[in-house]
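Everything on this sheet refers to the single structure shown next.
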Amino acid sequence: MPVFPISFSMPPEKIVSSVPPKTRLLAHIIPGDLSTYIYKTEEDYYKGYQDSYFGITGKKGGWDCMRHYEILANGCIPLFCNIWDLPKKTMANFPRELITKTNELYFEMIDKSLLEEADKQRLNVHIEELLAYTRTHLTTTRAAQNILDSIGKPQAKRVLFLSGSLTADYLRCLTLSGFKNLLGAECHDYPKVAHLYDDYDGDFVSHWGGGMTYQKTIKKENRNDDYDKSVVRDIIDHKYDIVVYGSYHRGTPLIDIVSSFYKEEDIVFLCGEDCDFNKNREYHACLLKEHGGSNLNIFIREQ
């Protein structure tokens with residue numbers, strides 16, 4: 001069974017266009033210290049990183065953490081604890097060499113009461129480099145295209161994106177947003193992941209992370225609700241080039257009919273769970289047992 005790396009990613013429209021003015025060396029938020037979690041809105045949360053040269057981050061439930069990308073997207077340098085302990089296939093596209101180099105600068109400057117202009121210029125050069133990398137390699141659009149490239153379908157025009165649970169799931173939500181950027185309504189999410197659309201009128205109180213970063217990232221015109229009515233017929237007629245399951249762990253609707261009418265190599269499973277590769281092997285074995293094939297494509301966040 002082909003196993004590929006995949007990571008969280010950033011909606012391209014949420015990446016700052018240039019290095020923001022800085023007022024602090026280190027951002028206010030200290031991971032794990034709840035007293036520093038002072039921001040109630042996405043705008044204020046982002047501003048905290050935009051104002052700072054560095055933001056502390058590191059392994060959370062898994063190595064891959066949304067905070068890494070939010071720091072980068074807001075023109076701030078991730079001060080990444082133990083970055084060289086990262087497994088090679090986890091966060092495979094992350095700029096670990098660049099961040100290691102920039103982290104050394106933090107320890108050069110930590111004892112300075114005021115940064116000199118030369119220090120600021122050095123930091124800003126690195127931030128510009130990291131922003132360019134983020135725009136090129138770490139967007140939701142790039143993540144979706146990476147899936148198509150990896151499975152040998154770079155020119156796919158239609159994708160059926162299926163979800164079991166509709167609760168917030170960073171990997172599912174961000175990757176779906178990327179496919180919508182690529183294909184618009186020709187990537188059809190079934191059932192509809194309503195909180196990702198810009199006309200969603202519900203609150204985000206019960207959503208993971210308060211909905212920050214992933215909420216309302218898809219324009220309502222990028223969904224054709226009529227496709228819901230014919231989804232089974234469209235599978236039978238092979239309307240879609242590939243079928244993507246947003247989370248194997250959280251449900252595989254229509255799997256029997258998809259397996260009957262699609263080749264294994266045209267079916268993709270995403271695994272965004274906070275567990276290590278050894279644990280995920282149990283799910284791989286389950287996939288093989290249930291679907292009897294060795295050519296299904298699986299993308300694992302934590303390897």
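The values are calculated or read from the model by the stated rules, or taken from the named source; none is laboratory data. All figures in this text were calculated on a predicted structure; none of them were measured in a lab. Heads up, the Cβs are rebuilt from the backbone with ideal geometry, glycines too, and the neighbour counts pull from every protein chain shown.
Annotation: of all residues in region 34-47 being outside any loop (DSSP other than H, G, I, E, B) and either in contact with a Lys or Arg (Cβ under 7 Å, 6 or more places away or on another chain) or free of Cβ contacts under 8 Å to residues at least 40 places away in the same chain (or both), the one that is surrounded by the most Cβ atoms within 10 Å (Cβ to Cβ) is Tyr46. Of all residues being touching a strand residue (DSSP E or B) at 6+ places or on another chain (Cβ under 9 Å) and among the charged types (D, E, K, R) in region 200-235, which is surrounded by the fewest Cβ atoms within 10 Å (Cβ to Cβ)? Just the residue, please. Taking the candidates together, the pick is Lys220. Which pairs turn up if I take residues in region 188-199 that are crowded, with 23+ Cβ neighbours inside 10 Å and look for partners that are among the hydroxyl-bearing types (Ser, Thr, Tyr) and outside any loop (DSSP other than H, G, I, E, B) with beta carbon separation below 8 Å, at least 6 apart in sequence or on another chain? Once the first residue is crowded, with 23+ Cβ neighbours inside 10 Å and sits in region 188-199, its partners that are among the hydroxyl-bearing types (Ser, Thr, Tyr) and outside any loop (DSSP other than H, G, I, E, B) give His188/Tyr227; Leu196/Ser177. Kindly evaluate Lys14 against the criterion of being surrounded by fewer than 17 Cβ atoms within 10 Å (Cβ to Cβ) and either under 21 Å from the mean Cα position of the chain (by Cα) or of a type in the set (Lys, Arg) (or both). Against the criterion (surrounded by fewer than 17 Cβ atoms within 10 Å (Cβ to Cβ) and either under 21 Å from the mean Cα position of the chain (by Cα) or of a type in the set (Lys, Arg) (or both)), Lys14 does not qualify. Assigned to a helix (DSSP H, G or I), surrounded by 14 or more Cβ atoms within 10 Å (Cβ to Cβ) and either among the charged types (D, E, K, R) or not assigned by TED's automatic domain parsing to the domain that holds Pro20 (or both) - does that describe any residue in region 86-108? Within region 86-108, one or more residues are assigned to a helix (DSSP H, G or I), surrounded by 14 or more Cβ atoms within 10 Å (Cβ to Cβ) and either among the charged types (D, E, K, R) or not assigned by TED's automatic domain parsing to the domain that holds Pro20 (or both). Looking across region 236-257, just one residue is buried (at least 21 other Cβ atoms within 10 Å of the Cβ) and assigned to a helix (DSSP H, G or I), and that is Tyr248.
Of all the residues in region 59-85, those that are under 16 Å from the mean Cα position of the chain (by Cα) and assigned to a loop (DSSP other than H, G, I, E, B) number 8. Scanning region 48-56 turns up no residue that is among the hydrophobic types (A, V, I, L, M, F, W, C), outside any strand (DSSP E or B) and out of contact with any Ser or Thr (no Cβ under 8 Å at 6 or more places or on another chain). Within region 92-111, residues that are closer than 23 Å to Phe8 by Cβ reach partners that are at pLDDT below 95 and in a helix (DSSP H, G or I) with beta carbons closer than 9 Å, at six or more positions or on different chains, in the pairs Phe94/Ile83; Arg96/Ile83; Arg96/Trp84; Ile99/Ile83; Thr100/Ile83; Thr100/Trp84; Asn103/Ile83.
If you go through region 1-22 and keep only what is at pLDDT 95 or above and either of a type in the set (Ser, Thr, Tyr) or farther than 25 Å from Asn181 by Cβ (or both), you end up with Ser7, Ser9, Ser17, Ser18, Pro21, Lys22.
The residue pairs whose first member lies in region 1-16 and is closer than 19 Å to Pro95 by Cβ, whose second member is surrounded by fewer than 19 Cβ atoms within 10 Å (Cβ to Cβ) and aliphatic (A, V, I, L, M), and whose beta carbons are closer than 9 Å, counting only pairs six or more residues apart or on different chains, are Pro5/Ala92; Ile6/Ala92; Ser7/Ala92.
Given the condition touching a strand residue (DSSP E or B) at 6+ places or on another chain (Cβ under 8 Å), of a type in the set (Ser, Thr, Tyr), over 27 Å from Val3 (Cα atoms) and surrounded by fewer than 19 Cβ atoms within 10 Å (Cβ to Cβ), answer yes or no: does some residue in region 110-130 qualify? No.
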